[in-house]
Amino acid sequence: MNWIFINGEYVRQEDAKISIYDHSFLFGDGIFEGIRAYSGNVFRLREHVLRLFDSAKALLLPVPYTVEQIENIVLETLSRNKLETAYIRLILTRGEGGGFSLDPFICKDPQFICITVAFDAFPEKYYNSGIEIVTVPTRRNRADVLSPQVKSLNYLNNVLVKIEAINAGVQDGLMLNTEGFVAEGTTQNVFFVKNGIICTPPCSQGALEGITRNAVMELAAGMGITVKEQTVTRHDIYTADEVFMTGTAAEIIGVVKVDGRVIGNGTPGEYTRRLYQTYKMFVLGSEIHTAQH
Ligand code: PMP
């Protein structure tokens, strides 16, 4: 049985329901977070919850709990489901508006949902062999439209990128911003390595400030590697020694082919592998939040 936290209580999955009049269903009016737990350690739980609060603030969406209460809900949901290694999804909807009105201020009952599922890792072959990506036609939504920093329930931009990647027969898409510079992947940040320096686009170029991205930048700096945030072109990617993508679900995945160009020697490179190994140890050991069983 999978326990879900919704609307102030823990219910069975089959009883976890929201209204068809919820603004999240009608308009995508809500936000979410994806988090991982590793052997009881919830990786960077505080950062994820704070990012949820930032998304909520941008949408003037009231959060019905404090940071600490949400952290406890996450730990309690894991504990009730006897999960230590899991994927956690937090969702906050605007709630019911009693009709089809767009007015968010008549919605008085935001729904806060916490779902946990057993999740260990993506198939090993992705890490051993790396993945292929293509540049997709869909561009990253501009920060002056719907900011990419808002993890809203309107993820259609990313859904379109996923469709384009699947149609091209590859695992992920490289999304450019409207100026044609590299922004990110569907749900991953993008890095490249050239001459021993690691580069990634700044968030102002359309990249979400990924929590894995930040952790990787810290780890790399701690390993004595120079890390730069700079405007990234497709040329930088094509001619890189290594390319990798980062995200909560994917962790650190090597990219070995982009738009038909083989990257490096066509296998995940040394920096990618070292960072992946370091990250795998880091997620297990360094965090203070532990699920109590
Ligand atoms: N970009 C987008 C658009 C995402 O949805 C995600 C996943 N949250 C990421 C990047 C990676 O962010 P994180 O490392 O925080 O999972």
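The values are calculated or read from the model by the stated rules, or taken from the named source; none is laboratory data. The structure displayed is predicted, hence computed values, not measured ones. All Cβ positions, even for glycine, are placed from backbone atoms using ideal geometry, and neighbour counts span all protein chains on display. Each accessible area value is taken on the protein alone, full model and side chains, heavy atoms only, with ligands, DNA and RNA left out. Shrake-Rupley method; radii C 1.70, N 1.55, O 1.52, S 1.80 Å.
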| request: Quick one: Ile253 ticks every box in (1) assigned to a strand (DSSP E or B); (2) under 22 Å from Phe43 (Cα atoms); (3) open to solvent by 30 Å² or more (accessible area, probe 1.4 Å) except a single one, so which number is it? | output: (3)
| field | Subset of the stretch 230-270 (residues that are under 29 Å from Tyr38 (Cβ atoms), of a type in the set (Val, Ile, Thr) and within 16 Å of the ligand (Cβ to nearest atom)) | value | Val243, Thr246, Thr248, Ile252, Ile253, Val255
| task | Hey, can you tell me all the residues within the stretch 213-231 that are under 30 Å from Phe119 (Cβ atoms), out of contact with any Gly (no Cβ under 9 Å at 6 or more places or on another chain) and free of Cβ contacts under 8 Å to residues at least 60 places away in the same chain? | result | Met217, Glu218, Ala220, Ala221, Gly222, Met223, Val227, Glu229
| remark: Residue count, the stretch 68-90, condition open to solvent by 30 Å² or more (accessible area, probe 1.4 Å) and under 24 Å from Gly28 (Cα atoms), comes to 2
| field | Residue tally, condition outside any loop (DSSP other than H, G, I, E, B), free of Cβ contacts under 8 Å to residues at least 60 places away in the same chain and out of contact with any Lys or Arg (no Cβ under 8 Å at 6 or more places or on another chain), over the stretch 82-112 | value | 4
| remark: The residue that is surrounded by the most Cβ atoms within 10 Å (Cβ to Cβ), considering only those in the stretch 167-216 that are under 17 Å from Tyr276 (Cα atoms) and more than 10 Å from the ligand (Cβ to nearest atom), is Phe191
| remark: Note: among Gly34, Gly95, Gly99, just one is at pLDDT 95 or above, open to solvent by less than 20 Å² (accessible area, probe 1.4 Å) and farther than 24 Å from Thr187 by Cβ, namely Gly95
| request: Please work out if Thr231 is open to solvent by 10 Å² or more (accessible area, probe 1.4 Å), under 17 Å from Pro148 (Cα atoms), touching a Lys or Arg at 6+ places or on another chain (Cβ under 7 Å) and hydroxyl-bearing (Ser, Thr, Tyr). | output: no
| request: Could you list, in sequence order, all residues of the stretch 1-25 that are open to solvent by 50 Å² or more (accessible area, probe 1.4 Å) and in a helix (DSSP H, G or I)? | output: Gln13, Glu14, Asp15, Phe25
